[in-house]
Amino acid sequence: MRYALKRLGGSVLSDDEKITVIAEKFTGILKALGLDPDSPSLKETPKRVATMYVKEIFVGLKKEAFPKLTFSDFTKPTRSSSTVVVKNIQLVSHCEHHFVPMVGVAHIAYLPKDKVIGLSKLNRIAKYFASRPQLQERLTCQIAESLAHILQTPDVAVFTEMSHFCVQGRGVLDKESTTRAHFLLGRFESDPSFRQEFLWFFPEASMKKNYGETSQNSRLA
């Protein structure tokens, strides 16, 4: 795994070992800020923060945390296409530049080929990739390409809209702007009618507002 912390021997640290390492480093941060890590209100903070990182907000760094999937066989209806759409999947991720939250929603659409996935699994997959230090563009791409691989369909579209606390709470201190990113695969990318159908489900995606927007299919590792 790209982000995994490893021992000198090359094996990945256990969760308990990660928590110990992070708690020690965070104690150093508190001291550098002039805070007393032994004060009653801060004494348990390093371990709380470390546990939160390892077992909650960054759990998506672990391959074994990928959600278990359920599928159903798909019989194509008589019409030429039958798009599955899930709107407003709530996401909380963390910007890898400042390690502060970015919060928003994902909309997912796909054209089934031979099977459909349990609907809640779309939410779980999106949340899995959000549960790691991220870039919104990469997050959008990872959700789409993961679903295309899992469902063995080339036709997937993902649209995200998020508020970034690195913009709201520091720097420019802009509390109103949001950022949009979309990643289109297969017919959603190549067929204007399919692309229009996707946008029809999400009229907000085509509204002309003062949003930061990432152009589709900027591929990030």
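Just to be sure I understand the model, the point goes 7 Å from the Cα along the line to the Cβ. What's the resulting E145 to D174 distance in nm?
According to this spin-label approximation, the distance is 2.8 nm.
Rounded if a/c is under 1.5, else prolate if a/b is larger than b/c, else oblate: which is the range 46-142, with a ≥ b ≥ c the root eigenvalues of its Cα gyration tensor?
prolate
I'd like the distance separating the alpha-carbon centroids of the range 22-58 and the range 93-139, in whole Å.
After rounding, the separation between the Cα centres reads 28 Å.
From the square roots a ≥ b ≥ c of the eigenvalues of the alpha-carbon gyration tensor of the range 70-214, which class results: rounded (a/c under 1.5), prolate (a/b over b/c), or oblate?
Here the range 70-214 falls in the prolate category.
Sort 34-40, 61-67 for me by packing, meaning the mean count of neighbouring Cβ atoms within 10 Å per residue, highest on top. Working shown, then result.
Values: 34-40: 10.6, 61-67: 13.3.
Highest-to-lowest ranking by the protection proxy: 61-67, 34-40.
Suppose R0 equals 41 Å; then what is the FRET efficiency for K113 and V12 from their Cβ-Cβ distance, rounded to the nearest 0.05?
Calculated value: 0.75.
Full-extension gain between S163 and S190, please, as 0.36 nm times their residue separation minus the C-alpha to C-alpha distance.
Numbers: separation 27, 0.36 × 27 = 9.72 nm, distance 2.93 nm.
Using 0.36 nm per residue and subtracting the Cα-Cα distance, I get 6.8 nm.
Every number in this text was worked out from the coordinates using simple rules, so none of it is lab data. Fair warning: this is a prediction, and the values are worked out from it, not measured in the lab. Reconstructed Cβ throughout: ideal geometry from the backbone, glycine too, with neighbour counts over all protein chains shown.
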